[in-house]
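The values are calculated or read from the model by the stated rules, or taken from the named source; none is laboratory data. All values reported here derive from a predicted model rather than from experimental measurement. As a convention, Cβ positions derive from the backbone with ideal geometry for all residues, glycine included, and neighbour counts pool all protein chains shown. Accessible surface is based on the protein model in full, side chains and every heavy atom, while ligands, DNA and RNA are left aside. Shrake-Rupley method; radii C 1.70, N 1.55, O 1.52, S 1.80 Å.
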Amino acid sequence: MIAQMLIEAWRAMGANRLRTFLTMLGMVIGVGAVVLMLAIGQGAQYSVDQSISSMGSNLFIILSGSSTSGGLRMGAGATPTLTVGDAQAISELSNISAVAPAAPGTAQVVYGSNNWSTQVFGTTPAYLAVRDWNVAAGYAFTDSDVRSATRVALLGKTVANNLFGDEDPVNKTIRIKQSPYLVVGVLAVKGQSLDGRDQDDSILIPVTTAQRKLFGTQFQGTVRFIMAQGISAQAMPAAERDMTELLRQRHHVQEGAESDFTVRNLTALANTAAQATRVMSVMLGAIASISLLVGGIGIMNIMLVSVTERTREIGIRIAIGARQRDILTQFLMEAIFISVSGCTIGIVLGVGGAVIVNQTAEIAVVITGSSIVMAFMVAACVGIFFGFYPARKAARLKPIDALRYQ
Amino acid sequence: MESVIRIEGLFKAYETAAGPVPALKGIDLAIAPGEFVAVMGPSGSGKSTFMNILGCLDVPTIGKYVLNGRDVGTLNSDQLARLRNEVIGFVFQGFNLLQRATLEDNVALPLVYSNVQKPERSARANEMLEKVGLAKYSASFPNQISGGQQQRVAIARALVNRPKLILADEPTGNLDTKTSGEIMNVFRGLNETEGITIVLVTHEPDIATYAKRLVKFVDGKLIYDGEVSEAHT
């Protein structure tokens, strides 16, 4: 019976190919748009999540504060008020699991005939823990390297590639601003940061080396910023409060006066970004769903026309013994047939479109089985929902009226 | 013997904007198995309404209709559908075949609704097509054969579920005289050799002469019920 009805649905669709095709097209576009938009939305979400996890979790950045001299207000970081000692003190807080001071600068690095301008970070080995960063080859420099301010360097992958090509950089000597540094290791690939910077385009050296030998500073022992990792997501507010209190004490900031530093919860900022992406992703899906809805209305429209056109056929079927539910099933089947075929084509086109977007625009796309299954289910439901009214109209026709219909 | 059709005090009125318009005004009639009845009457006499009620396509306003031992007035729409499917075979003036289906599928259609499986459907449909002399056209479509042949296919469809009663509504109305005679011979053969009860609506006197009994309607009433004779057609 069901098989027979499928055959008849197929015949009915074949009877007016152009119309069936156009009706299906609405579904194709709707489903295709949903699949494509979900792929792009989830792709964006994936990139953001990736950047966030590459940043490290539960992360704070403490920047030295602004200063005012002679009415001229300098930006954040203008007064180097933070010190390696501050970092040391913060690391002793119970809410903080790792702390790394950072003294960044830009320098020209040379190996053999290659040279490259990159960011050089003076920091401590704890930086790797704070950023969840692994060493891919060789070793990280140690605390004793920091104490004795040795000239050692950990290369980011981009720097290693630019200076060494296929050569193994470990234990080679590079020159940073003319001074020789021993490459002790190469960092694992980290990818882009949230703001799109290549995080692998950097070199890590001991903070002491950076301060005393590479960049120099008029304020001995100061760093540009400190990165700290909270012990857990729940402990973040307490950790922020504790650090602020500690640093105000260490910097002798008067009660009520403005702090000479800023504590920022980077993870919270990142989560806001992720939230925004999620909202965007949902919005893309919602907009695409509207086209699915329009496709569904197209099906309903055509099914209504079809019921009217085939009134006589319905009359014949009723006369020879079709029950109401047989007629209902038949028309419902046609609607579902159209929507599911349209959906299948739509999924193929949507996935194809996503692949094209991925390759031409280099936007990350993520196609999950669940999004395809969802598109399929929604399409089937649209078919049932919009097919039901015309089908019921057909089933409820009075046999004598239907038979007499010209 | 129990009548195939027993009608008692049948009234039918249609609701219109101007109030109810009566179409049948008190009909009593019984048709025994194996009868061949011609129904005649001018247009508007109520004969179409009568046939619709006989075919369980419409229900009486007042009165009782017992078909094959079942009181039609007590049945729901599914039971009526089943009755149409198993007890009645319809033959219409306009043939009413499905244009998109092959002749075999057209003939087999009633069997689809009585849940007969595909191989048996096919076998029985072909058997019926053979009976009406169209076996070789089973894979053709209705628009590929003549009107007379289409009406034979419709008869095959009416017969496929082995009905007790065939209701033919002006079955020769769209056919020429020669073909009409052939079709009427098919009906006569079915009635005589298989004992199938036939009720035939027609307005042509010479078609009515194929039947054994004649009923005439005028203005919603039965004015004649008896032998088919010149005087009354």
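Other residues with beta-carbon under 12 Å from the beta-carbon of A:Ile90 carry, at +1 per Lys or Arg and -1 per Asp or Glu, a net charge of -4. Take each residue in B:152-158, count the other chain C-beta atoms within 10 Å of its C-beta, and the mean is 1. Computed over the stretch A:80-259, relative contact order equals 32 percent, with contacts defined as Cα pairs under 8 Å that lie 6+ residues apart. Among A:Cys343, A:Cys381, the sequence by solvent-accessible area, most first, with a 1.4 Å probe is A:Cys381, A:Cys343. As a length-normalised measure over Cα pairs under 8 Å and 6 or more apart, the relative contact order of chain A settles at 29 percent. Neighbouring Cβ atoms from other chains, within 10 Å of the Cβ of residues in A:309-319, number 5 on average.
Taking one quarter of the surface of the convex hull spanned by the alpha-carbon atoms of the stretch A:80-259 gives a direction-averaged projected area of 11.1 nm². In terms of the mean number of neighbouring beta-carbon atoms within 10 Å, the peptides B:138-144, A:393-399 order highest first as A:393-399, B:138-144.
Angle check, please: helix A:17-55 long axis (alpha carbons) against the longest principal axis of chain A (alpha carbons), in degrees 0 to 90, nearest 10. The helix A:17-55 is inclined about 20 degrees to chain A.
When DSSP beta bridges are restricted to pairs lying wholly in the stretch A:80-259, around 75% turn out antiparallel. Accessible surface for the stretch B:31-117, divided over its residues, is 33 Å² per residue with a 1.4 Å probe. When the protein assembly as shown is described by a simple charge dipole with +1 on each Lys and Arg Cβ and -1 on each Asp and Glu Cβ, the residue from B:Asn106, B:Ala81, B:Ala123 located farthest towards its positive end is B:Asn106.
Nearest 10 degrees, 0 to 90: what angle lies between the long axis of helix A:236-250 and the longest principal axis of chain A (Cα atoms)? Around 20 degrees separate the two axes.
With the cut-off at 1.5 for a/c, could you classify the stretch B:1-54 from its C-alpha gyration tensor as rounded, prolate or oblate? Cα axes put the stretch B:1-54 in the prolate bin. Per the Debye calculation on the stretch A:257-406 with a single equal scatterer at every Cα and no solvent contribution, log₁₀ I(q)/I(0) for q = 0.11, 0.19 Å⁻¹ amounts to -0.61, -1.10.
Chain A contacts chain B over a buried accessible area of about 2300 Å², both sides summed; the probe is 1.4 Å and only protein chains count. A protection proxy built from the mean count of other Cβ atoms within 10 Å ranks the segments B:12-19, A:126-133, A:271-278, most packed first, as A:126-133, A:271-278, B:12-19.
Across the stretch B:88-95, computed HN-Hα scalar couplings (Karplus, 6.51 cos²θ - 1.76 cosθ + 1.60, θ = phi - 60°) run 10, x, 9, 10, 10, 4, x, 6 Hz from first to last residue, x flagging Gly and Pro. Per atom type, chain B shows carbon and sulfur on 50% of its accessible surface, probed at 1.4 Å.
Summed over the residues of chain A and divided among them, the accessible surface reaches 47 Å² per residue at a probe radius of 1.4 Å. Volume per residue of the convex hull around the Cα atoms, evaluated for the protein assembly as shown, comes out as 260 Å³.
Residue ranking by accessible heavy-atom surface, 1.4 Å probe, largest first, among A:His252, B:His203 comes out as A:His252, B:His203.
For the segment B:100-113, counting C-beta atoms of other chains within 10 Å of every residue's C-beta and taking the mean gives 4.
Too long at a 23 Å Cα-Cα cut-off: which of B:Lys136/B:Lys164; A:Lys393/B:Lys47; B:Lys12/B:Lys216; B:Lys12/B:Lys221; A:Lys190/A:Lys213? Checking Cα-Cα distances, B:Lys136/B:Lys164; A:Lys393/B:Lys47; A:Lys190/A:Lys213 exceed 23 Å. In this structure, the amide hydrogen of A:Val152, modeled 1.01 Å from its nitrogen in the peptide plane, lies closer than 5 angstrom to those of A:Leu182, counting only residues at least 5 positions away or on a different chain. What fraction of the Cα pairs in chain B, stated in percent, has a spacing above 33 angstrom? Pairs farther apart than 33 Å: 16 percent.
Of all alpha-carbon pairs in the stretch A:192-314, indicate the percentage at a distance above 27 angstrom. That fraction is 57 percent.
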